[in-house]
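The values are calculated or read from the model by the stated rules, or taken from the named source; none is laboratory data. Every value quoted in this text rests on a predicted model; they were computed, and no experiment measured them. For neighbour counting, all protein chains shown are included, and Cβ atoms are generated from backbone atoms with ideal geometry for every residue, glycine included. Side chains included, ligands, DNA and RNA excluded: accessible areas come from the protein's heavy atoms. Shrake-Rupley method; radii C 1.70, N 1.55, O 1.52, S 1.80 Å.
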Amino acid sequence: MERIAIFASGTGSNAKKIIEHLQGHPDIEVSLVVSNNKNAKVLDMARSFNIQTLVIDKAQLKDNNYILEKFSIFPINFIVLAGFLLLVPRYLVGKFPKSIVNIHPALLPQFGGKGMYGMNVHKAVKESGVKETGITIHYVNEKYDEGSIIFQASCPVLPDDTPESIAKNVLKLEHEHFAKTIERILNKNLDSVK
Ligand code: GRF
């Protein structure tokens, strides 16, 4: 069984799509939703699906044992970052090689790195005058947005697009592709162990 922990700091619309997509999957389950924000809407959403939640602070994230001990109960073997705003510590990347994925709302390596999240990204895209943007799903290493790219999808940036309309178009791509890409990665893992 592949057991996923989803890390999210905010609304959790991607987390919700992933949970819905994997409901009833025989070999993959979302076992835990982790947030660094006790008021994050993603937590109530997870509870509505009877998924366990864990609220952590920066010290607990940095602690080499705290999260790993919580994970061992399930055990968790895959991590999905779906709008998680903190940097994943090195110890966690080391424990989950090629088993942590993130979604970034732009076509990396452009418009990535520290501070490039949410509307900051779409404002930068608009100001740059590029003709297209999109999403990047990538493995996570210890630097922001620098792991190997797994999947990208693009959409046009039209002259009358605003950062808000760009965000809407990009979020649609995220909702269309993130869950399916995660399932594809985990199905491959499952096939490789059969
Ligand atoms: C998405 O835009 C994603 O690209 C970024 O964080 C946002 C998460 O949105 N990593 P939501 O919380 O899933 O609605």
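Going residue by residue through the stretch 106-123, is there one that turns out to be modelled with pLDDT of 95 or more, open to solvent by less than 20 Å² (accessible area, probe 1.4 Å) and over 20 Å from Ser148 (Cα atoms)? Yes - at least one qualifying residue is present in the stretch 106-123. For the stretch 62-71, the criterion of a residue being within 16 Å of the ligand (Cβ to nearest atom) and open to solvent by less than 40 Å² (accessible area, probe 1.4 Å) is satisfied by no position.
The set of residues from the stretch 71-101 being of a type in the set (Gly, Ala, Ser) and at positive phi comprises just one member, Gly83. Of note, Ile103 satisfies the criterion of being in contact with a Ser or Thr (Cβ under 9 Å, 6 or more places away or on another chain), under 27 Å from Leu171 (Cα atoms) and within 13 Å of the ligand (Cβ to nearest atom).
Could you tell me whether the stretch 26-37 includes any residue that is farther than 18 Å from Asn189 by Cα and modelled with pLDDT under 95? Checking the stretch 26-37: not a single residue is farther than 18 Å from Asn189 by Cα and modelled with pLDDT under 95.
If you take the residues of the stretch 1-38 that are in a loop (DSSP other than H, G, I, E, B) and within 15 Å of the ligand (Cβ to nearest atom), which of them is nearest to Glu176 (Cα to Cα)?
Applying the filter and picking the extreme gives Gly12.
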